[in-house]
Amino acid sequence: MNPQEGSRFLEEILAIQQSNKPIISKYLDLKRVVENLAFDLTKNESLQFSNLFSKLSFICNTYKVSTKIHSFRATVKKVETQSYKPEELEYFTHLMYVSKFIASIYEVMTPAELMYFFPAKAYYTNKITTRQRIKKMRVQVIEIKMDCLICDYEEIEDGEYITIRIDEDGINERFKSTSKFWVGAQLNLINVSVDEEDIYHPRFIILEPDYLINISSIAECFQDYGTSPMQFIKSKFEESPNSKHIRLGNFANQVVDAFTTEGIENTQFNDLFTEDFKTNPLEFSSCDDLKDPDKFKEYYQEAKGHYDRIQKVMEEDFKKYDISLDRILLEPSFLCEQYGIQGRLDILDLNPEGKNKIVELKSGGAPFGDHEGVKIKPNHAVQLFLYYQIIGVLFELEFKDIANHTDGYIFYSKVYMGNLRYDKPNLSRVQSILDLRNLIIVNEHILSTGDRNLTENLINQVNVNEIIKTKNLNPKFKELVGNQIDAFQIPIKTSTPLEKEYFYSFASFIAKEQYLGQLGLGQSNSNNGLASLWLNTFDEKSRNYEIIYDLMIQENSIHQDKRQIVLKRTNPANDFISIREGDICVLYPRNNNEETALSNQIFKCTIRSITKDLITLQFRYKQPNTHFFDTLGTDAKWALERDFMDNSFISMYRNIYAFMKSKSETKQLLLNQREPINQLAYNFHKDHLSEEQNRILKKALSSEDYFLLNGPPGTGKTSIIINELVKELHTNTNSNILLLAYTNRAVDELCESINEAIDDTVNQKYIRIGSELTSSPEHHKNLLNVIIRRKEEELKQSGDKFTRKTIVDLINNQRIFVSTVASITSKSDILKLKKFDTIIIDEASQILEPQIIGILPKAKRFIMIGDHKQLPAIVLQSPELSKTNSEKLEEIGLVNRKNSLFERLYEFCEQNNYDNAYDQLTYQGRMHHEIADFPNHHFYGGKLNVAFDLNHLSADAKQSLSRQRAELNLKSFENNYFQSLLTTKRFAFLEVEEHPSLPKTNYQEADLVVEMVKEIIRVYNFNQKEFNPKKTIGIIAPFRNQIALIKQKLELANIPNFEQITVDTVERYQGSQRDIIIYSFAVTHYAQLNSLVNMNDAGDVDRKLNVALTRAKEQLFLVGNKYILKENQILRDLIFYLDNHQSILKISLG
């Protein structure tokens, strides 16, 4: 332990005590210190910690210090959630506990000035009263014994441990997973009895309940041939099948949707069949089961049968069982922390005057031997039973009362009798289901620990013996299933030791990322995962501007084709928010402090637009009615919070598995086991390009395996190099090209580059994979679904039919496709229909290896363009935890999994002098040379040149770039500080006094930024320079809270077109540029420095700072507290550099 850190924390404690703040504010400040300390002590642990309780419990147990810190934690929680007002003695007692906690851990002396405030007699808090029955408890495992668990209980303030009986006959013997729990694991104990000896006897034991497992994924572990958590592991890696049965399932769902939203009488089979085809064109076109025309006719007839049976059930059986089409909700989503599950029901009928109804649609067959039409498959029953539990939690029902309140049905659309089949759960069955859910979590924990041998052993358990458990199984069926299971292991077992090492290492890395994505608390000391929806208190979320509440519905079109709701913002207290357009969110009713995302169904949506008064939401699913909303009343209040999507993790698992299935020579290439081949002598030269640009393009076009281009800021890697590559490949070759980037903004730029590169005589220049929500409007016409609609209209007018051949021809005739990496992964059918010659990847340094490694083998060659000295991929775990710690992988340059494949391959080629496979652009045409000077010498070794100095430039280009060497030509018209600054300085640091009152916000900096914007507009107007809010000025801040604060103040300042001024993070600004950039550091204490910087492995480049400093063309102004910033070496160098240039200025507003 570093004693200096301990002393610094104690100095902060003393400063808090000496401040003039009220006691409640001091408690919140003390909590911030304890959170920062806890984050520092646990950030490199392989265990996952979802909240402060879990961290403090771990720290007390690890460092053998007093558990009295829990008394402080419990009181802070009451202050935040119950408006509790501690008395002075209680506060001083907790001041003492916090101080002693820090002093004991770091083994330092407590300052005498602090000890002066310690009370002679501590405030005494009564131990929690023992109850005979507790509905729900949150505990943390401290010790594991044969028949009991010793746990820390969140509600006990004095830190005394409790004893939990396990494997107890008649109580919880079904929970066999307890033997695999670990110290530090968190548990929910449900329906707990407490005996006279204070021993706790839970009916349900839920492991890591904040990690929500999808109900359908749990259900698929229960098959006719056996029950095993290994099914969950297997499904993570295998690509989703695209079979006739999958297509029928999708169609059946679409039938139910149409009948409920449009009305049965308004729906025709042929129209719906065609619509399903047009909605899923790639899936239909690539489905091998349907390629034969006769097979497709059979599919048509089967789909008609499903349609007819669904119609009969919904017209007749629904009425019989009192399921109302006027009440039902389609695809309602639920989060259930109590049981650690989440899911999306097919149909829910909430009946205030009778029983609620759950209906799950299944298009497959009923169980084997179902002669009476009543049996339900085990996986289907599991889904039903878990949804019963969710309904029970929502309505606060006892387990025994759930089935009296709700009826659940499986709706089989394939069978001819007994289409609606009822079942209800029993205690032992649900316990067994949730025990399997625990085993899934055990396996996720094993994967995420990073132990290579444990990971290999776990994945090896995906075998016949572990999965096929049912005795007396039909031999042919057993053989069929066994072959499918054995096939999973073949790519792994036939791979080389290095390939296995790579696969297991990244499997563990992805599991850790997913764990942190669910629980939060990665490289941040605030909970930012899905679990923050319920772990963070309302006050915390409100204070951090992470929730918009007191919203009222102004217009509800969720039941119409546009699927939108317009919400009115009614509470000025949350005018200032960090949620923004494009964010994926959850909407839920919130009419009191008890209502959360757990206490109601949630609606998943995307923010389409947001203004001071209104928010427009776009929903994923159209609803048949507005009944749910209507029952809450027109005066109902709603809340909006950011959502977490874990599809990206599944894509990464499937990418590394696809890599293992690729050709041996491809795997050797990507694992640096062979030299990239670049023997083609492609003839390329253009007079208008520089010698450097011609050289690079010739190399790229000559490559057979791959080419890597390092493009520092402003060097034209997209506007020039990609533009020329596309133009050449499209005009002078027959190549099929796939262009990829990490972000939608970068894909928009690729689209613009293609439009410029290809002659306007070409009717359809490219197809974009994506949606209207994620692409700029000017590129919507190139979206695949828009092209299909347009083609359909053309065919209709000519009297022709829209067929599968139409889709195949569209794909085959188009040579250029554009997509984000995420979209092409989710639409992998395109890679089956289209063989690409070249993949061009922009922003390659922002893409993790497992995000791209399975896509690259699909093409003959790839060209990667990036800059590993700019922002890397986003990784949740710490750099220490993301290290491979593997000699085999380190030998191929894979030292840290947080780095991109681009960086690893580039360094490999650089070290081995494979000059034909890589190159670097060195002339930048963006920044004035005074702005470029610091990043050039500190980050690029002086290799970054000014484009104005190039010899080949035309007169027009020379004139355009002359500004890079020009003097600042702005005149002031008033004798004020800001005008003097703006008319004399290209690059300056403005120091402001820091008086923080909120986390990650600084009002002084925000006020200064707004004043600068106002003055820039005035100076530009006086100098008759055009001020374009989209291009002239950009504002960067590292934290969402500071961004939201600056946006709010720009609006309040009545700055014209303020909404067009981009205020965003460094991450969102990469690839962008403005004439003037203002960077508000917003750092108010030392602990925030960790989230401010992003160092490369060598520790000599701060990649975040590099991006921030290289966005400005004409002027760059930094705003912050130099004394805090100087704690970081590179920021200290920057401040020293500016000081030497007389460019550090002290600012005091008002």
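The values are calculated or read from the model by the stated rules, or taken from the named source; none is laboratory data. These numbers come from a predicted model, not from an experiment. Counting neighbours? That spans all protein chains shown, and the Cβs are built from the backbone with ideal geometry, glycine included.
Just one residue in the set Ile1078, Ile1130 is in a helix (DSSP H, G or I) and in contact (Cβ under 8 Å) with a residue 40 or more places away in the chain; that residue is Ile1130.
Please find, among Glu220, Glu208, the residue that is on the phi > 0 side of the Ramachandran plot and out of contact with any Lys or Arg (no Cβ under 6 Å at 6 or more places or on another chain). Testing whether each residue is on the phi > 0 side of the Ramachandran plot and out of contact with any Lys or Arg (no Cβ under 6 Å at 6 or more places or on another chain) leaves just Glu208. Summed over segment 1027-1075, the residues that are part of a helix (DSSP H, G or I), β-branched (Val, Ile, Thr) and surrounded by fewer than 23 Cβ atoms within 10 Å (Cβ to Cβ) give a count of 1. Of all residues in segment 165-182, those satisfying the criterion of being out of contact with any Asp or Glu (no Cβ under 9 Å at 6 or more places or on another chain) and without any contact (Cβ under 8 Å) to a residue 40 or more places away in the chain are Asp169, Gly170, Ile171.
Residues of segment 323-380 that are over 29 Å from Tyr225 (Cα atoms), more than 34 Å from the chain's Cα centre (by Cα) and not polar (S, T, N, Q): Ile323, Leu325, Asp326, Pro352, Glu353, Gly354, Lys355.
Scan Asp167, Asp224 and give me the residue that is assigned by TED's automatic domain parsing to the domain that holds Ile142 and acidic (Asp, Glu). When all the criteria are applied, what remains is Asp167.
For segment 202-222, the set of residues classified as part of a strand (DSSP E or B) and either surrounded by 22 or more Cβ atoms within 10 Å (Cβ to Cβ) or modelled with pLDDT under 95 (or both) consists of Pro202, Phe204, Ile205, Ile206, Leu207, Ile213, listed by residue number. Restricted to helices (runs of 4 or more DSSP H) entirely inside segment 25-136, those with at least 3 residues that are in contact (Cβ under 8 Å) with a residue 40 or more places away in the chain are 52-63, 69-82, 88-106. Going through (1) part of a helix (DSSP H, G or I); (2) farther than 30 Å from Leu795 by Cα; (3) of a type outside the set (Gly, Ala, Ser) one by one, Glu197 falls short only on (1).
Once segment 1111-1138 is narrowed to residues that are under 30 Å from Ser962 (Cα atoms) and β-branched (Val, Ile, Thr), the residue that is surrounded by the fewest Cβ atoms within 10 Å (Cβ to Cβ) is Ile1135.
Yes/no per residue for (1) within 24 Å of Ile1130 (Cα to Cα); (2) modelled with pLDDT of 90 or more; (3) of a type in the set (Lys, Arg):
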{"residue": "Thr984", "(1), (2), (3)": "no, yes, no"}
{"residue": "Leu998", "(1), (2), (3)": "no, no, no"}
{"residue": "Glu1005", "(1), (2), (3)": "yes, yes, no"}
{"residue": "Ile1036", "(1), (2), (3)": "yes, yes, no"}
{"residue": "Phe1039", "(1), (2), (3)": "yes, no, no"}
{"residue": "Ser1091", "(1), (2), (3)": "yes, no, no"}
{"residue": "Asn1096", "(1), (2), (3)": "yes, no, no"}
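Of everything in segment 717-730, what is in contact (Cβ under 8 Å) with a residue 60 or more places away in the chain and surrounded by 20 or more Cβ atoms within 10 Å (Cβ to Cβ)? Give them in sequence order. Correct list: Lys717, Ile721, Ile722, Leu725, Val726, Leu729, His730.
If you go through segment 381-397 and pick out every residue that is at pLDDT 95 or above and more than 32 Å from the chain's Cα centre (by Cα), you end up with 0.
Out of Glu396, Glu372, Glu360, Glu353, one residue alone is more than 20 Å from Thr470 (Cβ to Cβ), of a type in the set (D, E, K, R) and assigned to a strand (DSSP E or B). It is Glu360. Filter segment 600-639 down to the residues that are hydroxyl-bearing (Ser, Thr, Tyr) and out of contact with any helix residue (DSSP H, G or I) (no Cβ under 7 Å at 6 or more places or on another chain) and list them by number. Hits for segment 600-639 are Ser609, Thr611, Thr616, Tyr621, Thr626, Thr631, Thr634. Among the residues of segment 849-884, those that are of a type in the set (Gly, Ala, Ser) and either assigned to a loop (DSSP other than H, G, I, E, B) or farther than 30 Å from Lys943 by Cα (or both) comprise Gly854, Ala859, Ala873, Ser878, Ser882. Here is a check on your reading of the model: is Ser798 within 24 Å of Phe619 (Cα to Cα) and not assigned by TED's automatic domain parsing to the domain that holds Tyr1069? In short, no. All of (1) touching a residue at least 60 places away in the same chain (Cβ under 8 Å); (2) under 16 Å from Gly408 (Cα atoms); (3) of a type outside the set (A, V, I, L, M, F, W, C) hold for Pro352 with one exception: (2). Scanning segment 551-562 for residues that are touching a residue at least 60 places away in the same chain (Cβ under 8 Å) and part of a loop (DSSP other than H, G, I, E, B), we see that the one that is surrounded by the fewest Cβ atoms within 10 Å (Cβ to Cβ) is Asp561. Would you pick out the residues in segment 415-430 that are surrounded by 20 or more Cβ atoms within 10 Å (Cβ to Cβ) and in a helix (DSSP H, G or I)? Once the filter is applied, which keeps residues that are surrounded by 20 or more Cβ atoms within 10 Å (Cβ to Cβ) and in a helix (DSSP H, G or I), segment 415-430 yields only Val430.
Please specify each residue of segment 621-650 satisfying the condition of being in contact with a Cys (Cβ under 9 Å, 6 or more places away or on another chain) and assigned to a loop (DSSP other than H, G, I, E, B). Passing the criteria: only Asp643.
Residues are listed down the side, and each one gets a yes or a no for (1) in a helix (DSSP H, G or I); (2) within 26 Å of the chain's Cα centre (by Cα); (3) modelled with pLDDT under 95; (4) not small (Gly, Ala, Ser):
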position: Phe232; (1), (2), (3), (4): yes, yes, no, yes
position: Ser240; (1), (2), (3), (4): no, yes, yes, no
position: His245; (1), (2), (3), (4): yes, no, yes, yes
position: Asn253; (1), (2), (3), (4): yes, no, yes, yes
position: Glu265; (1), (2), (3), (4): yes, no, yes, yes
position: Phe284; (1), (2), (3), (4): yes, no, yes, yes
position: Lys295; (1), (2), (3), (4): yes, no, yes, yes
position: Lys304; (1), (2), (3), (4): yes, no, no, yes
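From the list Asn1106, Asn1128, the lone residue that is within 30 Å of Ser753 (Cα to Cα) and either basic (Lys, Arg) or outside the structural domain of His868 (by TED's automatic domain parsing) (or both) is Asn1106. Would you pick out the residues in segment 810-827 that are over 13 Å from Asn763 (Cα atoms), modelled with pLDDT of 90 or more and not aromatic (Phe, Trp, Tyr)? Selection gives Ile811, Asn812, Val818, Ser819, Thr820, Val821, Ala822, Ser823, Ile824, Thr825. Of all residues in segment 884-942, those satisfying the criterion of being buried (at least 18 other Cβ atoms within 10 Å of the Cβ), of a type in the set (Phe, Trp, Tyr) and under 17 Å from Leu709 (Cβ atoms) are Phe902, Tyr906, Phe908, Tyr918, Tyr923, Tyr940.
Of all residues in segment 879-902, exactly one satisfies the criterion of being without any contact (Cβ under 8 Å) to a residue 40 or more places away in the chain and within 11 Å of Phe509 (Cβ to Cβ), namely Lys883. Annotation: Asn574 fulfils all but one of (1) modelled with pLDDT of 85 or more; (2) crowded, with 16+ Cβ neighbours inside 10 Å; (3) in contact with an Asp or Glu (Cβ under 8 Å, 6 or more places away or on another chain); the unmet one is (1).
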